Amino acid sequence: MKFVDEATIEVVAGKGGNGVASFRREKFIPKGGPDGGDGGRGGSIYAVADRNINTLIDYRYARLHRARQGEYGSGSDRFGAAGEDMFLRVPVGTMVFDAETDELLFDLAYHGQQVTLAQGGLGGMGNLHFKSSTNRAPRQFTLGDPGEQKKLRLELKVLADVGLLGLPNAGKSTLISQVSNARPKIADYPFTTLHPNLGVVRTDTQRSFVIADIPGLIEGASEGAGLGHQFLRHLARTRVLLHLVDVAPPDPTADPVADARAIVEELRLYDETLYNKPRWLVLNKLDMVEDPEAMQKKFCEEYGWTGPVFTISALAGLGTRELVFALQDWLDAQRKIEHEVEEAAIAAGHAPALAAALSSGSAVGLGNQAYDMSKAQAEDDEDDEEGDDAR
């Protein structure tokens with residue numbers, strides 16, 4: 001299936017039905033009075049997040065969505081039927097923007113979430129509503145209101161805990177196929193991946209996370225080189241980025257350190273918030289270097305990296321288990337911190353401050369700290385066990 005992550009549509013809600021001016025006309029009931037009913041309301045248009053849908057391709061070709069209008073009222077106090085509502089199913093992670101003002105209207109972040117894109121018009125009133133002691137034969141009625149009409153831009157940002165970042169052919173697709181249930185296309189030429197791939201990594205029966213692979217980024221992407229920045233938006237919802245670096249590139253003149261710096265600079269040019277996300281360094285193809293430990297130390301010194309670093313071979317699966325379990329521990333710590341922050345904010349009545357704290361990255365920093373503490377505790381426990389064995 002073709003992956004489409006952006007579409008522009010027009011939604012037109014149904015017009016309300018008109019009211020009617022009618023008078024009761026029955027045998028033996030002279031001058032029965034007004035009995036004109038109201039018109040039915042017009043159909044509304046809703047968007048519903050559905051986890052079973054992966055792309056916006058349905059809206060790339062079907063751009064106009066029009067709901068039915070309400071039926072007119074009629075005599076004998078009969079009201080018109082309401083127009084049928086329309087439900088547009090979109091992938092979880094879809095953001096709805098006003099196409100004219102570029103204002104974010106809705107963010108469909110969980111399965112089953114429903115929002116109103118266009119409200120149907122109210123039905124008009126029949127002359128039944130206008131009777132009074134001084135106006136016993138009203139001939140007034142009102143027309144139905146028009147439904148809302150909007151031009152909207154739909155943008156999909158996939159939901160994942162971990163995002164893969166790196167040059168084309170750095171081994172991102174190989175890694176995601178090694179550690180998850182995803183089966184992306186893998187080949188020995190650049191830009192094999194043309195659309196994002198999602199995979200579920202399960203470390204235990206009750207522990208798992210979602211990892212996202214996007215097409216490779218190259219230097220100059222901010223100016224339109226390669227696939228540009230069109231897929232970087234899918235990393236916006238991730239909690240941590242894995243920067244995958246090929247330490248044994250096929251081109252002998254390539255400099256992995258310079259390439260790594262170039263990719264990070266492109267990330268900064270695209271979005272400062274994305275640039276400031278927690279980022280781990282993953283050095284791939286350790287099976288093609290003589291001394292992986294020396295290579296890792298030299299690379300980190302030249303690159304000036306002091307954060308988490310892992311050396312793996314995505315093809316052979318070497319080091320991937322340690323990476324996956326470290327990610328799971330970090331994500332568990334992050335979720336725990338966010339849950340505690342959320343409970344404290346709700347208890348103190350500072351729910352709005354919660355969103356600001358999470359968006360500013362303070363909870364992410366606490367998650368990093370919790371992961372470092374858990375890692376240090378695990379190392380201390382391991383040293384204690386080795387000491388007991390020696391004794």
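Could you list which residues have their amide H under 5 Å from that of Thr8, counting only those 5 or more apart in sequence or on another chain, with H placed in the peptide plane?
Leu154
Considering the dipole of segment 6-156 built from charges on the beta carbon (Lys and Arg +1, Asp and Glu -1) around the Cα centre, which of Leu122, Leu143, Ser133 is farthest to its positive end?
Sorting the options by dipole projection puts first Ser133.
Taking the simple approach of a point 7 Å from Cα along Cα-to-Cβ for both Phe28 and Ser208, what is their distance in nm?
7.3
Taking amide H atoms as placed 1.01 Å from N in the peptide plane, list the residues 5 or more away in sequence, or in a different chain, whose amide H sits under 5 Å from that of Leu318.
Result for Leu318 returns Ser313.
So the label point goes 7 Å from the Cα of Gln149 along Cα→C-beta, right? Which residues of segment 87-102 then have their backbone N under 16 Å from it?
Answer for segment 87-102: 99-100.
HN-Hα J couplings of segment 277-287 from phi, Karplus 6.51/-1.76/1.60, θ = phi - 60°, integer Hz, Gly and Pro as x?
Computed from phi, the couplings for segment 277-287 are 5, x, 9, 10, 9, 10, 8, 9, 6, 5, 6 Hz.
In nanometres, what is the gap between the two model label sites at Ala99 and Ala62, each 7 Å from Cα along Cα-to-Cβ?
Result for the modelled spin labels: 1.6 nm.
When you count, for each residue, the other Cβ atoms within 10 Å and take the mean per peptide, how do 326-338, 23-35 rank with the highest first?
Details: 326-338: 19.0, 23-35: 12.0.
Result, highest mean first: 326-338, 23-35.
Under the rule of at least 5 residues apart or a separate chain, name every residue whose amide H is placed under 5 Å from the amide H of Gln113.
Counting only residues 5 or more places away or on other chains, the set is Ala49.
State which entries of Lys151/Lys277; Lys27/Lys131; Lys172/Lys277 exceed 29 angstrom in Cα-Cα distance in the structure shown.
On the way: Lys151/Lys277 33 Å; Lys27/Lys131 22 Å; Lys172/Lys277 19 Å.
Over 29 Å Cα-Cα: Lys151/Lys277.
If you average 1/r across every pair of different Cα atoms in segment 1-103 and take the reciprocal, what Kirkwood value do you get, in Å? Show your work: numbers first, answer last.
On the way: mean 1/r = 0.0608 Å⁻¹.
16.4 Å is the Kirkwood radius here.
Kindly write out, for segment 69-76 in residue order, the coupling ³J(HN,Hα) from the Karplus curve 6.51 cos²θ - 1.76 cosθ + 1.60 (θ = phi - 60°), rounded to whole Hz, with x marking Gly and Pro.
Rounded to whole hertz, the list is 8, x, 7, 6, x, 8, x, 6.
Readers should treat all values here as calculations from the given coordinates under stated rules, not as data from a laboratory. Being a predicted model, the structure only gives us computed values, none of them experimental. Neighbour counts are summed over all protein chains in view; Cβ atoms, including those assigned to glycine, are modelled from backbone coordinates with ideal geometry.
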